[in-house]
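Take a look at the structure set out below.
The values are calculated or read from the model by the stated rules, or taken from the named source; none is laboratory data. Just so it is clear, the structure is predicted and the values come from calculations on it, not from any experiment. Neighbour counts run over all protein chains shown; Cβ positions are idealised from the backbone, glycine included.
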Amino acid sequence: MQLPKLSPGKRFTLPRPVGSADALLLARLGEREKAAGRVTAIVTADAADAQRLIDEMAFFAPELRCALFPDWETLPYDSFSPHQDLISERLATLWRISQGEADVVLVPATTALYRLAPPAFLAGYTFHFKVKQKLDEAKLRAQLTLAGYQHVSQVVGHGEYAVRGGLIDLFPMGSLQPYRVDLFDDEIDSIRTFDPDSQRSLYPVPEVRLLPGREFPMDEAARGKFRQRWRELLEGDPTRSRIYKDMGNGVATAGIEYYLPLFFDDTATVFDYLGDAATVVLHGDLETAFQRFWQDTRERYRLIQGDPDHPTLPPEALFLSAEQFYGQAKPHAQLSLRPGVEDVQDNASFQKLPDLSVVRGADDPLARLQKHIASSAHRVLLLAESDGRRESLLDFLRASGLNPPAFDSLAEFQQTGAERVGIATAALATGFAWIEDGLDLVTETELFATGSTTRRRKKQEQASDVEALIKDLSELKVGDPVVHSQHGIGRYRGLMHMDLGSKNPDGSPALQEFLHLEYADKAVLYVPVSQLQLIGRYTGVSADEAPCTSWAAASGKRPGARRQAKCAMPRPSC
């Protein structure tokens with residue numbers, strides 16, 4: 001792939017590639033910059049694009065160490081603090097950048113405007129300890145308190161610690177799991193991870209890294225500086241403000257993050273962490289995102305300024321302006337993926353795929369895909385969102401005479417030149433034709449003509465929802481067990497057209513499509529196709545052994561349920 005040559009202080013502009021090809025382009029750019037010892041920072045106009053790119057780049061370049069710098073997910077001047085898990089993720093990303101442990105950093109545009117604690121704060125308030133090291137328990141407790149950790153009776157979340165005899169439980173910021181430190185006198189005898197739900201110890205680790213519990217210091221010197229700068233920068237009597245008085249008592253009031261500049265003489269930006277050699281990618285319409293953010297921020301400031309009990313810093317003290325952002329980015333080598341510009345049809349690298357959507361109700365729903373495979377000179381890799389979806393898609397493909405082998409990665413498929421069609425698991429939102437490699441990447445978005453499934457933060461929920469999802473009626477075969485969200489397990493008996501009394505403009509009956517579901521004791525339910533989201537795939541025992549729900553059993557759940565179940569859909573003339 002021909003990548004543009006980037007030079008410090010200059011910006012190279014390209015049209016945004018089709019589909020998810022931008023993730024492939026940026027993955028290859030990240031690999032090149034990594035080889036040259038440079039970090040790649042991708043600033044996205046849309047926060048959803050940042051999450052999408054980090055998921056998709058893992059498929060194209062699994063060896064790249066990618067990190068997301070998330071937003072606080074609070075509005076400017078909110079009177080509550082960000083969730084501890086978000087602060088943990090932010091601190092972990094900043095630490096990884098400062099230690100050279102991240103090759104690619106993805107930052108939403110508005111998040112890049114926030115002023116941050118200087119790198120010296122993170123370095124000065126992070127400490128390590130390991131097995132067989134001498135450890136003063138009282139000193140550790142003091143360090144944890146000053147670092148912003150909260151003393152609790154039982155550790156369940158980030159930024160918490162508990163002391164029980166010779167055992168110290170703590171959940172460091174930026175860590176995926178909590179740790180249990182076992183002391184023998186004043187020496188660390190062992191360090192183990194533990195399950196915060198069951199509180200059972202798991203496996204040993206050699207050392208622990210402790211990041212600060214907050215994005216600002218809370219020691220006596222920092223609190224003194226906070227009060228001093230408050231008197232210098234904010235008008236009014238400080239003793240009337242609860243925030244000022246709480247800080248004097250060592251309490252961080254909710255929403256204290258929007259007073260960050262009071263803790264430091266000078267704040268930093270994300271560019272201070274990235275370093276001078278970083279390559280910056282501007283992805284999407286950043287200017288519009290900046291304008292919208294500043295318009296909302298100024299309006300919120302206008303509404304709350306002047307409150308003597310709750311004085312606030314002006315937006316300019318908390319956020320970069322668009323001009324300041326571009327000024328900080330200017331010394332870096334820059335690549336801009338221009339928004340709103342259609343790429344040329346005959347692009348030498350990436351092109352849009354033809355219509356490959358399934359034809360519902362046809363003898364061969366995959367006729368378009370079959371024709372494309374037969375006529376195209378490219379190899380085809382089908383991509384499912386999860387392993388469960390891959391198995392469902394394979395069943396659907398086999399019913400049409402396609403039986404592609406499964407591959408664990410893109411590299412494995414590329415190395416196996418004998419197979420023209422394959423299937424793999426990847427979180428690609430949209431497919432595309434990769435011209436240079438002679439490869440068509442086809443996702444479920446193309447097959448079922450729908451947008452990609454919304455990805456949830458919790459991976460367990462994501463796996464459960466996606467694997468049970470029915471994308472299109474053409475995936476169902478007569479006799480398949482399905483699960484209705486309200487009425488339980490039944491068997492799909494096909495589609496039916498019903499006359500419910502509606503008329504077409506010419507006066508003819510307007511027939512509507514319904515799924516015919518059969519339950520125990522020959523009970524029947526008709527579900528409108530428009531309510532397909534209520535139907536899920538049955539994922540229990542084998543399809544032949546799947547039990548059907550009895551209306552009688554369902555009727556015991558609530559008064560009148562039996563009568564309502566029978567009337568879920570009347571049986572009009574078919």
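Is it true that some residue in segment 254-264 is out of contact with any Phe, Trp or Tyr (no Cβ under 7 Å at 6 or more places or on another chain), touching a residue at least 24 places away in the same chain (Cβ under 8 Å) and of a type in the set (Gly, Ala, Ser)?
no
At least 1 residues that are under 26 Å from residue 362 (Cβ atoms) and touching a Cys at 6+ places or on another chain (Cβ under 8 Å) in each: list the strands (runs of 3 or more DSSP E) lying fully within segment 482-542 that qualify.
488-503, 509-518
Tally up the residues in segment 177-186 that are part of a loop (DSSP other than H, G, I, E, B) and either over 29 Å from the mean Cα position of the chain (by Cα) or modelled with pLDDT under 85 (or both), please.
2
Quick check on my filter: what residues within segment 266-317 are surrounded by 18 or more Cβ atoms within 10 Å (Cβ to Cβ), closer than 30 Å to residue 102 by Cα and either touching an Asp or Glu at 6+ places or on another chain (Cβ under 9 Å) or not assigned by TED's automatic domain parsing to the domain that holds residue 18 (or both)?
The answer is 278, 279, 283, 284, 289.
Test residue 459 against the criterion of being farther than 23 Å from residue 362 by Cβ and modelled with pLDDT under 80, and give yes or no.
For residue 459, the condition - farther than 23 Å from residue 362 by Cβ and modelled with pLDDT under 80 - is met.
Hey, among the residues in segment 245-265 that are closer than 13 Å to residue 222 by Cα and not hydrophobic (A, V, I, L, M, F, W, C), which one's surrounded by the most Cβ atoms within 10 Å (Cβ to Cβ)?
Ranking the candidates gives 259 first.
Just for segment 502-544: of the residues that are small (Gly, Ala, Ser) and touching a residue at least 60 places away in the same chain (Cβ under 8 Å), which one is surrounded by the most Cβ atoms within 10 Å (Cβ to Cβ)?
Restricting to residues being small (Gly, Ala, Ser) and touching a residue at least 60 places away in the same chain (Cβ under 8 Å), the top hit is 536.
Take the residues of segment 337-351 that are crowded, with 17+ Cβ neighbours inside 10 Å and under 26 Å from the mean Cα position of the chain (by Cα): which is modelled with the lowest pLDDT?
350
Answer yes or no: is there a residue in segment 66-89 that is surrounded by 17 or more Cβ atoms within 10 Å (Cβ to Cβ), without any contact (Cβ under 8 Å) to a residue 40 or more places away in the chain and out of contact with any Pro (no Cβ under 8 Å at 6 or more places or on another chain).
Looking for residues that are surrounded by 17 or more Cβ atoms within 10 Å (Cβ to Cβ), without any contact (Cβ under 8 Å) to a residue 40 or more places away in the chain and out of contact with any Pro (no Cβ under 8 Å at 6 or more places or on another chain), one finds at least one in segment 66-89, hence yes.
Please work out which residue is nearest to the chain's Cα centre (by Cα), limiting yourself to segment 393-447 and to residues that are among the acidic types (Asp, Glu) and within 30 Å of residue 50 (Cα to Cα).
If we take residues in segment 393-447 being among the acidic types (Asp, Glu) and within 30 Å of residue 50 (Cα to Cα), then 444 is nearest to the chain's Cα centre (by Cα).
Considering only segment 525-534, state which residues are modelled with pLDDT of 85 or more and out of contact with any Gly (no Cβ under 9 Å at 6 or more places or on another chain).
Once the filter is applied, which keeps residues that are modelled with pLDDT of 85 or more and out of contact with any Gly (no Cβ under 9 Å at 6 or more places or on another chain), segment 525-534 yields 526, 527, 528.
Can residue 323 be described as exposed (fewer than 13 other Cβ atoms within 10 Å of the Cβ) and either modelled with pLDDT of 95 or more or under 25 Å from residue 83 (Cβ atoms) (or both)?
Against the criterion (exposed (fewer than 13 other Cβ atoms within 10 Å of the Cβ) and either modelled with pLDDT of 95 or more or under 25 Å from residue 83 (Cβ atoms) (or both)), residue 323 qualifies.
Please go through segment 37-93 and give me each residue that is touching a strand residue (DSSP E or B) at 6+ places or on another chain (Cβ under 7 Å), assigned to a loop (DSSP other than H, G, I, E, B) and among the hydrophobic types (A, V, I, L, M, F, W, C), ordered by number.
Result: 39, 45, 64, 69.
Scan 159, 166, 174 and give me the residue that is surrounded by 17 or more Cβ atoms within 10 Å (Cβ to Cβ), over 30 Å from residue 286 (Cα atoms) and small (Gly, Ala, Ser).
Going through 159, 166, 174 in turn, just one is surrounded by 17 or more Cβ atoms within 10 Å (Cβ to Cβ), over 30 Å from residue 286 (Cα atoms) and small (Gly, Ala, Ser): 159.
If you go through segment 103-112 one residue at a time, do you hit one that is more than 21 Å from residue 73 (Cα to Cα) and crowded, with 17+ Cβ neighbours inside 10 Å?
Yes, some residue in segment 103-112 is more than 21 Å from residue 73 (Cα to Cα) and crowded, with 17+ Cβ neighbours inside 10 Å.
One line per residue, one yes/no per condition, for (1) modelled with pLDDT under 90; (2) not polar (S, T, N, Q):
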site: 371; (1), (2): no, yes
site: 375; (1), (2): no, no
site: 380; (1), (2): no, yes
site: 383; (1), (2): no, yes
site: 387; (1), (2): yes, yes
site: 392; (1), (2): yes, no
site: 395; (1), (2): yes, yes
site: 399; (1), (2): yes, yes
site: 409; (1), (2): no, no
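Filter segment 188-211 down to the residues that are of a type in the set (Asp, Glu) and either surrounded by 12 or more Cβ atoms within 10 Å (Cβ to Cβ) or at pLDDT 90 or above (or both), then identify the one that is farthest from the chain's Cα centre (by Cα).
Among those that are of a type in the set (Asp, Glu) and either surrounded by 12 or more Cβ atoms within 10 Å (Cβ to Cβ) or at pLDDT 90 or above (or both), it is 189.
Does any residue of segment 415-424 turn out to be closer than 15 Å to residue 384 by Cβ, surrounded by 21 or more Cβ atoms within 10 Å (Cβ to Cβ), touching a residue at least 60 places away in the same chain (Cβ under 8 Å) and not assigned by TED's automatic domain parsing to the domain that holds residue 48?
No, because not a single residue in segment 415-424 is closer than 15 Å to residue 384 by Cβ, surrounded by 21 or more Cβ atoms within 10 Å (Cβ to Cβ), touching a residue at least 60 places away in the same chain (Cβ under 8 Å) and not assigned by TED's automatic domain parsing to the domain that holds residue 48.
Just a yes or no: is a residue in segment 301-309 among the hydroxyl-bearing types (Ser, Thr, Tyr), touching a Ser or Thr at 6+ places or on another chain (Cβ under 7 Å) and closer than 16 Å to residue 79 by Cβ?
yes
Give the number of residues within segment 116-149 that are surrounded by 15 or more Cβ atoms within 10 Å (Cβ to Cβ) and under 23 Å from residue 257 (Cβ atoms).
Qualifying residue count for the region: 15.
Where in segment 347-445 are there helices (runs of 4 or more DSSP H), lying fully within it, with 3 or more residues that are touching a strand residue (DSSP E or B) at 6+ places or on another chain (Cβ under 7 Å)?
Output list reads 387-399.
For segment 9-21, does any single residue satisfy the condition of being part of a helix (DSSP H, G or I) and either buried (at least 20 other Cβ atoms within 10 Å of the Cβ) or at pLDDT 95 or above (or both)?
Yes.
Restricting attention to segment 248-258, does a residue exist that is more than 34 Å from the chain's Cα centre (by Cα) and of a type outside the set (Gly, Ala, Ser)?
Among the residues of segment 248-258, at least one is more than 34 Å from the chain's Cα centre (by Cα) and of a type outside the set (Gly, Ala, Ser), which makes the answer yes.
Farther than 28 Å from residue 71 by Cβ and not small (Gly, Ala, Ser): does that describe residue 261?
no
Just to be sure before I move on: is residue 34 surrounded by fewer than 22 Cβ atoms within 10 Å (Cβ to Cβ), among the basic types (Lys, Arg) and outside the structural domain of residue 112 (by TED's automatic domain parsing) in the structure I sent?
Spelling it out, it is not the case that residue 34 is surrounded by fewer than 22 Cβ atoms within 10 Å (Cβ to Cβ), among the basic types (Lys, Arg) and outside the structural domain of residue 112 (by TED's automatic domain parsing).
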